1. Hand me the tally of lysine pairs in the chain: alpha carbons under 21 angstrom apart, and the pair either on different chains or 8 or more positions apart.
2. In percent, how large is the relative contact order of the chain, given Cα pairs closer than 8 Å and 6 or more residues apart?
3. When the accessible area of the chain is split by element with a 1.4 Å probe, what percent falls to carbon and sulfur?
4. State in Å² the accessible area per residue of the stretch 1-81; use a 1.4 Å probe, count heavy atoms of protein chains only, and round to the nearest integer.
5. Using only the alpha-carbon atoms of the chain, report the extent along each of the three principal axes, biggest first, to the nearest angstrom.
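The values are calculated or read from the model by the stated rules, or taken from the named source; none is laboratory data. Note that the structure is a prediction, hence the values are computed from the model and not measured. With ligands, DNA and RNA removed, areas are computed over all heavy atoms of the protein, side chains included. Shrake-Rupley method; radii C 1.70, N 1.55, O 1.52, S 1.80 Å.
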Amino acid sequence: QVQLVESGGGLVQAGGSLKLSCAASGSIFSPARMGWYRQPPGKQRELVATFTLIGTTNYADSVKGRFTISRDNAKNTMYLQMNSLKPEDTAVYYCKADYDREYWGQGTQVTVSS
């Protein structure tokens, strides 16, 4: 059974940075795609950034130039470096991995104060 565990969330002032981590376990295979999603208060879950097994990346327009998705295959860990954070980045951030099906982490709260 695949498990994804996020960490690194917290409270930060606008303009600050945070780095989220997503550790994957339970599979010997690499997922076809991994990504970060977020759910702001009172809103739908939305895509933040994804990358595929062949290295294609995709970012939401709202985070382009500020967020960077990366992966350490040796550690089975995915990261999201978030710079120049804005109050509108406040959300619960989730990682997702596509193996035989979708797997989601439990989420980590990111709060950006103005």
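1. Close lysine pairs under the 21 Å cut-off: 10.
2. The normalised contact order for the chain reaches 37 percent.
3. That fraction is 49 percent.
4. 57 Å²
5. 43, 24, 24
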